[in-house]
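Readers should treat all values here as calculations from the given coordinates under stated rules, not as data from a laboratory. All figures in this text were calculated on a predicted structure; none of them were measured in a lab. When we count neighbours, we look across all protein chains shown, and the Cβ atoms used for this are built from the backbone with ideal geometry, even at glycine.
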């Protein structure tokens, strides 16, 4: 399953419509997921004991989960350039229903296991009952939390494997000069159905246990997988591509093995680079292993020869640090700091989705006419309202706090609407022959900026206060504005003009 030249398939053009419909399901799923995941984890963490600081533990969990996402994105993203986009996407999506089942099971365990331990302890003498109660209050919940982390890691793994292939598929399926608007259309579909989850949870707050939702989302994930199996087209001309859906499914299972194999192989190759430098002068003939190491080195050099790439990486890491401190554990912090429940969080998610949706409509029409730097600058300017609103909310009376934070999420919605077409067009345009590989590397390095933010935010919130993370973000914010304004896109625009002339 390999090809050496990028040859696009004529049928790929239907993918924008298929992906837009798929994103209607995805938006519906994440509309529920984003509201409940951090409050759900906070509930489990708080059950482990009073000595635990929820913000710090949540920060640690989110940080480790981000590593699970970053590693495959950097080291295995090249696989879809070799075997095609569809099978890699479907292979990564297999982890998503598994993730939802694990998260739902962790909630079920937190309810069932303590009851079993208490009833078991009641058969023993009184002095042993207290011992069994001690075990019941710690071990089962810790076990349930471990299962939840495994589920969260599966979600991160799926995104790490699948996002480069998904983004490359959009870029390859879009018409020339309409890449930005194509990303806008697909994102618009995502946020259109993202309204439903917060609405339902707002109405059913305290009526349905949070873990129940995960089982419903698992069923939706399976349905979404099947839809894309039947409707999605491979964007590349791949030699062994089959119209048989059963064969495509088995190829997707094989793609999972290939993704893991490529990830571990790439890690080993990069770890071998110092040894390669030491031994290469002593080797008269290079074996295949040394050739592969040199290929990886050359790829890295080629990526950084584009002057926009080093600049983009510095900008993305700074941007991730600025936003990650404030957003990485924001929902969980609302629960611990302001005593918000999932109903309050659902309102904020609803406001965010409505704002994003409303701004996406005009952005979709103008995104192809604006420079990528202009889209990034507008994203930063509108997003700055989020930091300002949360700083003001900290000093506001509790009964008005929710409304002030809402204003910030309106600005954040506008920020996302400008950010998505700009950032995705940039990341998928660095190397059109190895689109997923270069996207995965640059986006993976972008995610490295997010990596420490959950842990740092947890420490700052628990040891100082909730206000400090927004103050730090606000201090970094002007540097983001300056880098967005100066973002180098001239070379890319000249290439587009040359392509049209040809």
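Structure summary
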quantity: Gained length - residue 467 relative to residue 207, 0.36 nm times residue gap less alpha-carbon distance; calculated: 90.4 nm
quantity: Fully extended contour minus Cα-Cα distance, from residue 243 to residue 396, at 0.36 nm per residue; calculated: 49.1 nm
quantity: Relative exposure of 424, 73, judged by other C-beta atoms within 10 Å (fewest first); calculated: 424, 73
quantity: All Cα pairs of segment 355-502, percent lying beyond 25 Å; calculated: 41 percent
quantity: Proxy reagent accessibility, fewest Cβ within 10 Å first, across 446, 236; calculated: 446, 236
quantity: Label-zone membership for segment 88-111, site residue 219, 7 angstrom Cα→C-beta point, backbone N under 19 Å; calculated: 96-108
quantity: Between segment 389-431 and segment 230-255, the alpha-carbon center distance in angstrom; calculated: 38 Å
quantity: Order of 17, 85 - criterion: other Cβ atoms within 10 Å of each residue's Cβ, fewest first; calculated: 17, 85
quantity: Spin-label pair residue 298/residue 388, simplified geometry with 7 Å Cα→Cβ offset, distance in nm; calculated: 5.2 nm
